[in-house]
Each structure stands twice: as structure tokens, then as C-alpha cells.
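**Q** Provided herewith is a single structure, encoded as C-alpha cells, for subsequent inquiry.
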Amino acid sequence: MNLCWLLASLPVITSYAAGIALHTALREWREEGETQVAAAFLRAFRARLRGSLPLAAAGLASVLGLWVAGSFWVGAPGPVLLVATAALVPVAVVTALVHVTVFDVAARHPGDSPRDWLRASLRRITTHPGRCAAAVLLCVTWAAVLWRLPTLAPLWGLSLPALALHRLFAGVSAPPHH
């Protein structure tokens, strides 16, 4: 399963579709007893690829923009750096929260549009801030583990945090959209 996600994410712009497909396949495995998880992954990936591309582009652009802005301001004098940090940190936090929650939301609401996934993700962040903060902490911790032990990536890469996030958000559904 994780290998499917890893290979499907290699073009980077397809990483959102791959992440949503992984969450969908794992949800089907855990909740519906799906035994052919690789086939479930491929079905979900194909179904969400086109719709997730604008969301992926926006997500990647936001991360790149934060990286460039942070790299630019890190060399600024003390007070300017403080102001820039005060402006960038909230944006980075919201970006991280959306990145972490949108995959689970999309897996739980496959018939919705990417715009609906984004709205539902933002609603989840405001209605369940503690769980969402825990999700970001979990993902950042796992990323640090993978940074130190990259050989775990092909084996457990995104599957382990996806399962943990699925459990963390069990029973939490996004409020209906209007």
C-alpha cells in the first residue's frame, strides 16, 4: 500500500491524489473489510487525480511560498525578523493544519469537490482544534523519524500516520456544507 502511495507521489503534483487514495484505501480496509487495498488505492487515485490537481498545485505553491518567504526573512535584522516571523508563523500553522486534515476529509467524503474538501477541512480545524493540532504534531514527529531513518519510508512512509490520523478523527465528520 505504501509503495503505491510512494510511486504515485513521485511526480509531486500527484501527491494529493496519492495521499487521498491512501487514506481512502486504508479507510475501506479498516471500516469495510476491503482485502485488495492496492486495487482500492488505484481506483481512488484514478477517481481523484484530475479533481485534486488544483488543490495540489495550491498546496505545493503555499509550501513553496512559505519556504521562500522564510528563507528571505531569516537574514533580516532582529526586529524585522520578529515581525516577519509573527506574520509567517500563523500562515504556516494554518497551511500545516489544512495539509494534514484535507486527506482524511477527502477520504470520508469522496463525492465532494476539492473546494468542498477544503471548506470541510477548515471547518474541522475550527471545530476540533485540539485533534487537528495533535495531527500536525504527529505528522511532524513522524517526518522527523523518517528524516533520521529514511529506510522506513518505503515500508511505512505515509501509511502509519494515515492510520493514526484515521483513528484520531474517528467519529469526527465534517459538518455538512451549504
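**Q** Among the residues of segment 100-131, write down those that are under 21 Å from LEU26 (Cβ atoms) and of a type in the set (Lys, Arg).
**A** Passing the criteria: ARG108, ARG124, ARG131.
**Q** Has segment 159-171 got any residue that is open to solvent by 40 Å² or more (accessible area, probe 1.4 Å), under 17 Å from ARG27 (Cα atoms), part of a helix (DSSP H, G or I) and charged (D, E, K, R)?
**A** Yes, there is a match, as at least one residue in segment 159-171 is open to solvent by 40 Å² or more (accessible area, probe 1.4 Å), under 17 Å from ARG27 (Cα atoms), part of a helix (DSSP H, G or I) and charged (D, E, K, R).
**Q** Please determine whether any residue of segment 61-68 is over 18 Å from the mean Cα position of the chain (by Cα) and open to solvent by 40 Å² or more (accessible area, probe 1.4 Å).
**A** Yes, segment 61-68 has at least one match.
**Q** From the list LEU146, LEU97, which residue is in a helix (DSSP H, G or I), farther than 18 Å from ARG27 by Cβ, touching a Pro at 6+ places or on another chain (Cβ under 9 Å) and open to solvent by less than 50 Å² (accessible area, probe 1.4 Å)?
**A** Matching residue, one of LEU146, LEU97: LEU97.
The values are calculated or read from the model by the stated rules, or taken from the named source; none is laboratory data. Here the structure is a predicted model, which means the values were calculated and not measured. Cβ coordinates were reconstructed from backbone atoms using ideal geometry, including for glycine residues, and neighbour counts include every protein chain displayed. Side chains are part of the model used for accessible areas, which takes the heavy atoms of the whole protein and leaves out ligands, DNA and RNA. Shrake-Rupley method; radii C 1.70, N 1.55, O 1.52, S 1.80 Å.
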